[in-house]
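The values are calculated or read from the model by the stated rules, or taken from the named source; none is laboratory data. What you are looking at is a predicted structure, and each value in this text was computed from that prediction instead of being measured. With ideal geometry, Cβ positions are generated from the backbone for all residues, glycine too; neighbour counts draw on all protein chains shown. The protein model used for the area step is the full one, side chains on, heavy atoms only, and it has no ligands, DNA or RNA in it. Shrake-Rupley method; radii C 1.70, N 1.55, O 1.52, S 1.80 Å.
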Amino acid sequence: MKKAKAAPKPASAQKRRSRWISIPLKVAIGFVGLSVGTVVIYRFVPPPVTITMLLDPNGITKEWKRLDAIDPDMPHAAIAAEDSRFCSHHGFDAVAIAQAMRHNASGGRIRGGSTISQQTAKNVFLWQGGGFVRKGFEAWFTVLIEAIWGKRRIMEVYLNVAETGIGTYGVQAGSIRYFDHGAGKLSRAEAARLAAVLPLPKKREAIDPHGFTRRYGNSISARIPVVQRHGLDDCLN
């Protein structure tokens, strides 16, 4: 008569602890590897689609345009409107964040402190909306694109994935939508109007704007020469 096999001994507490540690560690390593790999690929290849685009019920109209084929007034307008220290910070603008916090604490129109680098990281790799989890991922991808892409590529991707109208992405598609010509032929006023639309693309129109959008566009247009004169665009040259 064969002896019955002894029941397997239960895993020790140490082994269970090791398993609970190894699983999150493997997930973290996998995420780091995947995110770094994707950022490296997008250093050379245009991002084909983003989460924001896929979730847009209005469809997707976009057309990739190299930075050197976009009128220089457009990146100048983006710097003037969104991130005057774009070329001097390393992804995060502590001064702008502190100013935004003070402004928001005083009430009135909510102001953000995100840089163009942060917005690009969010637009390409993440979803819209707030929350500490998304902000944490945004910070991680901001560090990666600053280290791997550099400023010129960040600006190029930003101008191609930012929403410029309902179902419209990138300044090339936005320029055609509003002005019936490509982004390579933008006037200073047109570039400023597109930049004025970027914060609220579903609520603002770049063609024949009124009220705040018109005033904001005029203000951006006036600041474009300042960007050039003070070398705030040096990292794009």
Which numbered condition in (1) assigned to a helix (DSSP H, G or I); (2) open to solvent by 30 Å² or more (accessible area, probe 1.4 Å) is the only one that L194 fails?
(2)
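Could you check how many residues of the range 59-68 are in a helix (DSSP H, G or I) and open to solvent by 60 Å² or more (accessible area, probe 1.4 Å)? Walk me through it before giving the result.
Within the range 59-68, the subset in a helix (DSSP H, G or I) is 67-68.
Pick out the ones that are also open to solvent by 60 Å² or more (accessible area, probe 1.4 Å) and you get 68.
Selection size over the range 59-68: 1.
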Of D71, D56, D83, which residue is open to solvent by less than 80 Å² (accessible area, probe 1.4 Å) and over 17 Å from the mean Cα position of the chain (by Cα)?
D71
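What residue, among those in the range 110-157 that are part of a loop (DSSP other than H, G, I, E, B) and modelled with pLDDT of 95 or more, is surrounded by the most Cβ atoms within 10 Å (Cβ to Cβ)? Even if it seems obvious, please write down each step before you answer.
Narrowing the range 110-157 to residues part of a loop (DSSP other than H, G, I, E, B): 110-115, 126-131, 149-150.
If we keep only those that are modelled with pLDDT of 95 or more too, we end up with 115, 126, 149-150.
Details: T115: 23, L126: 18, W149: 20, G150: 13.
Result: T115.
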Could you tell me whether S106 is modelled with pLDDT under 95 and either touching a helix residue (DSSP H, G or I) at 6+ places or on another chain (Cβ under 7 Å) or of a type in the set (S, T, Y) (or both)?
yes
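Name every residue in the range 42-53 that is surrounded by 10 or more Cβ atoms within 10 Å (Cβ to Cβ) and either part of a loop (DSSP other than H, G, I, E, B) or without any contact (Cβ under 8 Å) to a residue 12 or more places away in the chain (or both), in order of residue number.
First, pick out the residues of the range 42-53 that are surrounded by 10 or more Cβ atoms within 10 Å (Cβ to Cβ): 42-43, 46-47, 49-53.
Result: R43, P46, P47, V49, T50.
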Any idea which residue in the range 220-237 is nearest to M74 (Cα to Cα), counting only those that are among the hydrophobic types (A, V, I, L, M, F, W, C), part of a helix (DSSP H, G or I) and under 23 Å from the mean Cα position of the chain (by Cα)?
I224
Could you pull out the residue among D208, D180 that is modelled with pLDDT of 95 or more, on the phi > 0 side of the Ramachandran plot and open to solvent by 30 Å² or more (accessible area, probe 1.4 Å)?
D180
Taking into account only those residues within the range 88-103 that are closer than 19 Å to E138 by Cα, open to solvent by 40 Å² or more (accessible area, probe 1.4 Å) and in contact with a Gly (Cβ under 8 Å, 6 or more places away or on another chain), which is modelled with the lowest pLDDT?
M101
